[in-house]
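The values are calculated or read from the model by the stated rules, or taken from the named source; none is laboratory data. Remember, predicted model here, so these are calculated numbers, not experimental data. Neighbour counts run over all protein chains shown; Cβ positions are idealised from the backbone, glycine included.
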Amino acid sequence: MTSTPSPVIHPAWLPAEAFRALGSRRVRVDTAGDAGLLVGTVLAEVSRACARFGGSVQPPEAPADLVLTLAPRSRGDAARHGGPRPDRDLDGFRIGRRGASTVVTGDGPAGLFYGLFEVVRRGEAAFDPGLADERHEPAFGLRVLDHWDNVFVHRVMGQVERGYAGGSLFWDDGRLRDDLTRVGDYARLLAASGINAVTVNNVNVHAGETHLLTDRLGEVATIASTLRPYGIRLHLSINFAAPVILGDLPTADPLDPDVRRWWSDTTERVFETIPDFGGYLVKADSEGRPGPFSYGRTHADGANMLADALAPYDAPVRWRAFVYNHRQDWRDRSTDRARAAYDHFAPLDGRFRDNVILQVKHGPMDFQTREPVSPVLLAMSDTRLAVELQVTQEYTGQQKHVCYLPPMWSSVLGFQPTGDDGPTLATRLSGGVLSAVANVGDDPFWTGHPLAQANLYAVGRLGWTPGRDPAEILDEWIGLTFPGTPRHLLHALMDDSWETYEQYTAPLGVGFMVRPGHHYGPDVDGYEYTPWGTYHFADRDGLGVDRTVATGTGYTAQYPRPWSERYEHPDTCPDELLLFFHHVPYTHVLHSGSTVIQHIYDTRFAGAQRVAEMQAAWAQAAELVDPAVHTRVTERLAEQRRSAEEWRDQLNTYFHRKSGIPDAKGRPIH
Ligand code: BDP
């Protein structure tokens, strides 16, 4: 019998080569006998790199080119905790020169670890005698990737919901994988990018997965142990109806004393089994999931019950604000899904416990190609808030299309709630939580499309420095992942890829013209007459959703000034969001000087053309990159091109037929 050789797993941003500069030096890990788990990981990394590249691990006091040390106040912390405590104040580090050495001083063991990876990222530059002193600390204390993994393969959603990179890294065929080596490698990659937590299961917690909390907790503990050496804490998504589903109680009413005791006892067992357990993530009363509404209770009642169960362990519950009615009447123009999160949650401001974090999707709808910032993130000053990004490319090309997303995320994190001179959203949320839906699976390239790794990498980096230029992060990722490859090649494909994707799929803020269910490819009216609340309202005269106070759904009033006013009027509303906020005639003239209809035609032609150019550029790179990467990207680009042309043709034809207005440039539209 022949067996198929296991595929070679791509090293992502940690190829051995990335450690050359560090590994060819004399390195001292000077932690005064601190034998914590993370310090052990740092030592192992250093020893491995030195063994490979001819450097040496120096004994105490010996001269060294690189010294990795702990700040005095944190010495002993690792020993006390028996492992990493990725608390915000211990993640930071200093890097600088002392005499002939580069010195990294971690605030705590985690900081030491993050400092080590700063040295890796910088390569030779980390040993430059002119290296400036810098202090680094993360803007967000909790930087968490939420996996939408199911243990069992779900009938409709498969194993990883909205996953485009194969099966779960954790579970296979309903069981925890016997070999968790890849989970360890994954944790190492994440830690090197700055992530410090992972939620291992889908927010839609199906009946089978509910057991992870109780009788299958052992599996969860095994995953936690695999993540721990890299400072990654494990979080679990829980099912609000768990007390009922697991057969213990007749109700899940959050005010019922038995239910409250059930959650306290269950949570106590979780912490007995996993002492550094990170917390719960909850999707309740949303898209058919159970929640407090069934018992006439509020989201505050539901969240606070779980917060009380977690409080003794100083752990948070992240309660998702993605709550809306998915049974709307499409004939009723006054309903508006964009309003839902704010309408549900803003009145509850100040009513959540301190360890409740309201986790809010970055836009008001659902991870569309472009949305305005969710107004919930701009309100609720008495509630702890987390931003939720979607790294998995559900609506952005499903990892078949190149779509580098950090420019979108930066526009959210850099949004200025009080206008042009005010602080950014990231500053407001600083110290809090950055969460993102993961895009990885058991695919040999981790993310299906090898270039989608850059999106994963960037989340952690933005979690540390949200104001950083996305192109700079990309440059860093390219340098690590493709050592020796001309960087301009990948920049040419990736820098503007989100904008390109937007051009051929959804210009001007129009959303959801995708195939219902799986959400890939165009379907002009796929969602138009459904109850999901996701409309574009195209008719013979114009298109877009009127969300104004004057004549529409009143959504613009959910924004503080000056945004409420800017969005309310088409003449001040930014072009790229015009159709999100306004229903306008096809002949409406944009700030750019073009009409809406002409813009639709032009961008769709331009976007598809850019994809053809990307394909041609990549073909030239055949000799310059790893052949396996080249082949995979080539295949995906062919599909991206086919899809971009399909988008262009269907959408242009649709709007041509609706409007009856020809393309001013006379290109073929049917
Ligand atoms: C939507 C996805 C769905 C998720 C949901 C969520 O289509 O699979 O369950 O978001 O975030 O975008 O809960």
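Observations on the model:
- Here Arg216 qualifies as of a type in the set (Lys, Arg) and over 26 Å from the mean Cα position of the chain (by Cα).
- The lone criterion from (1) assigned to a strand (DSSP E or B); (2) without any contact (Cβ under 8 Å) to a residue 40 or more places away in the chain left unmet by His235 is number (2).
- Total residues in segment 216-232, condition part of a loop (DSSP other than H, G, I, E, B), over 20 Å from Val160 (Cα atoms) and of a type outside the set (A, V, I, L, M): 1
- If the condition is being out of contact with any Ser or Thr (no Cβ under 6 Å at 6 or more places or on another chain) and within 16 Å of the ligand (Cβ to nearest atom), then segment 318-341 contributes Arg318, Trp319, Arg320, Ala321, Tyr324, Asn325, His326, Arg327, Arg337, Ala338, Ala340, Ala341.
- Looking only at segment 620-670, and only at residues there that are of a type in the set (Val, Ile, Thr) and within 22 Å of Leu480 (Cβ to Cβ), the one that is modelled with the lowest pLDDT: Val625
- The residue that is surrounded by the fewest Cβ atoms within 10 Å (Cβ to Cβ), counting only those in segment 534-580 that are within 27 Å of the chain's Cα centre (by Cα) and in a loop (DSSP other than H, G, I, E, B), is Pro560.
- For segment 625-663, taking the residues that are surrounded by 14 or more Cβ atoms within 10 Å (Cβ to Cβ) and outside any helix (DSSP H, G or I), the one that is farthest from the chain's Cα centre (by Cα) is identified as Ile661.
- Among residues of segment 465-515, those that are more than 25 Å from His582 (Cβ to Cβ) and within 16 Å of the ligand (Cβ to nearest atom), counted: 1
- Residues that are in contact with a strand residue (DSSP E or B) (Cβ under 9 Å, 6 or more places away or on another chain), closer than 30 Å to Gly115 by Cβ and outside any helix (DSSP H, G or I) do not occur anywhere in segment 495-505.
- Count - residues of segment 29-50 that are surrounded by 23 or more Cβ atoms within 10 Å (Cβ to Cβ) and in a strand (DSSP E or B): 1
- Filtering Asp248, Asp285, Asp253, Asp276 for residues that are assigned to a loop (DSSP other than H, G, I, E, B) and within 16 Å of the ligand (Cβ to nearest atom) leaves a single hit, Asp285.
- Any hit, segment 288-302, residues being at pLDDT below 95 and under 28 Å from the mean Cα position of the chain (by Cα): yes
- Every pair of residues 6+ apart whose Cβ atoms lie under 7 Å, when the first sits in segment 270-283 and is closer than 24 Å to Trp148 by Cβ while the second is assigned to a loop (DSSP other than H, G, I, E, B) and within 16 Å of the ligand (Cβ to nearest atom): Leu281/Val203; Val282/Phe240; Lys283/Val203; Lys283/Asn204; Lys283/Arg289; Lys283/Phe322
- Criterion (assigned to a helix (DSSP H, G or I) and either at pLDDT below 95 or on the phi > 0 side of the Ramachandran plot (or both)) met by exactly one of His488, His519: His488
- Take the conditions (1) free of Cβ contacts under 8 Å to residues at least 24 places away in the same chain; (2) in contact with a helix residue (DSSP H, G or I) (Cβ under 7 Å, 6 or more places away or on another chain); Tyr586 misses just one of them, which is (1).
- So Trp446, is it closer than 30 Å to Ala303 by Cβ, among the aromatic types (Phe, Trp, Tyr) and either touching a residue at least 60 places away in the same chain (Cβ under 8 Å) or within 16 Å of the ligand (Cβ to nearest atom) (or both): no
- Ala132, sole failed condition from (1) over 27 Å from Ile95 (Cα atoms); (2) of a type in the set (Gly, Ala, Ser); (3) surrounded by fewer than 18 Cβ atoms within 10 Å (Cβ to Cβ): (1)
- Taking (1) free of Cβ contacts under 8 Å to residues at least 60 places away in the same chain; (2) aliphatic (A, V, I, L, M); (3) within 25 Å of Asp329 (Cβ to Cβ) in turn, Ala506 satisfies each apart from (1).
- Members of segment 360-414 found to be touching a Gly at 6+ places or on another chain (Cβ under 7 Å), within 16 Å of the ligand (Cβ to nearest atom) and not in a loop (DSSP other than H, G, I, E, B), listed by number: Ala386
- Residue within segment 216-228 that is closer than 15 Å to Asn439 by Cβ, buried (at least 19 other Cβ atoms within 10 Å of the Cβ) and of a type outside the set (D, E, K, R) present: no
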